[in-house]
Every structure is written in C-alpha cells, then in structure tokens.
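One structure coming up, written as structure tokens, with questions to follow.
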Amino acid sequence: MSLNTHKFNPITALSVLLMTLVTHPVYAEADNEKFELGKQKAKVCMTCHGEDGISTQDPYPNLRGQKVGYLISSLKDYQTRERTSGLAILMQQQADTLSDQDILDISYFYSQLGHEAQMDNDSQLGHESQ
C-alpha cells in the first residue's frame, strides 16, 4: 500500500522551475543590496578587522566568511557584557552603538565576504536571461 497518493505532474514541476529561474535574479539583487548596506555600516569595524575582513593586527580576529549566527551572537554578547576577555572593552563600546538591525546587516556583510564574486556572477546571469 502506497502512502503517496499524489502523481507527478510535469506542468507543476515546470512551473516551479520557471518561477525559480525568474525570481532568482530578484533575490540576488536584494542580497547584493543587503551586502552593500552592511558594508556601509561596517566601516568603523574595518579599522581593526580589515577592509576585507582580514585583520592586519594580531589581537583582532578575522571576520571574513564567519557564520552569520556566530557574528550576531558575538555582537550581542559584547552588548550584554558576556564577553569580557582581551580587548572586549573596545568591542563592548562599539556594540553598544549598534541597533539589532545594524547587527544583522553587519553580520550579513562579514558572512558574505569572499562570496561577492559568486553574488556578482548570479546577478550577471540573471540579467543575461532577462
């Protein structure tokens, strides 16, 4: 006895595929805008963590390509003073100036660093297919 009572419908499958191809450029463009917004908000961060997310000074960690959840958690931990070691006082002061939206935007930016080439390729592919 089969539990699957739905039959494969090629028209539905084709419709889903076409909608994915049509909407992908829209999402890629939104991701690029989100990246640029985070980049603008991260200007002060770049002083210590490097313009490309790779620090040139030993005490400061590299942020390039870190997971977005880790970055959000870290910034919130600085705000609540749960992170106190090393140069935490500097980060606490910086984190205190950030809104929740700033934290999301900056975290997204650093998590995507190194993936910009892929985002640009996705955007170009989307524009070519239109």
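Only counting other Cβ atoms within 10 Å, I'd like S99, S107, S74 sorted with the fewest neighbours first.
Ordered from fewest to most neighbouring Cβ atoms within 10 Å, S99, S107, S74 come out as S99, S74, S107.
Want the number for Q101 to K67: 0.36 nm per residue separation, take away the alpha-carbon distance, what's left? Don't skip to the answer; put the middle values down first.
Values: separation 34, 0.36 × 34 = 12.24 nm, distance 1.68 nm.
So the extension gain works out to 10.6 nm.
For K67, list the lysines whose Cα falls under 30 Å from its own Cα; do not include residues on the same chain fewer than 8 positions away.
Candidates past the 8-residue exclusion: K34, K39, K41, K43, K76.
Bear in mind these aren't lab numbers, they're just calculated from the coordinates by the rules spelled out. Since this is a predicted model, take the numbers as computed values, not measurements. When we count neighbours, we look across all protein chains shown, and the Cβ atoms used for this are built from the backbone with ideal geometry, even at glycine.
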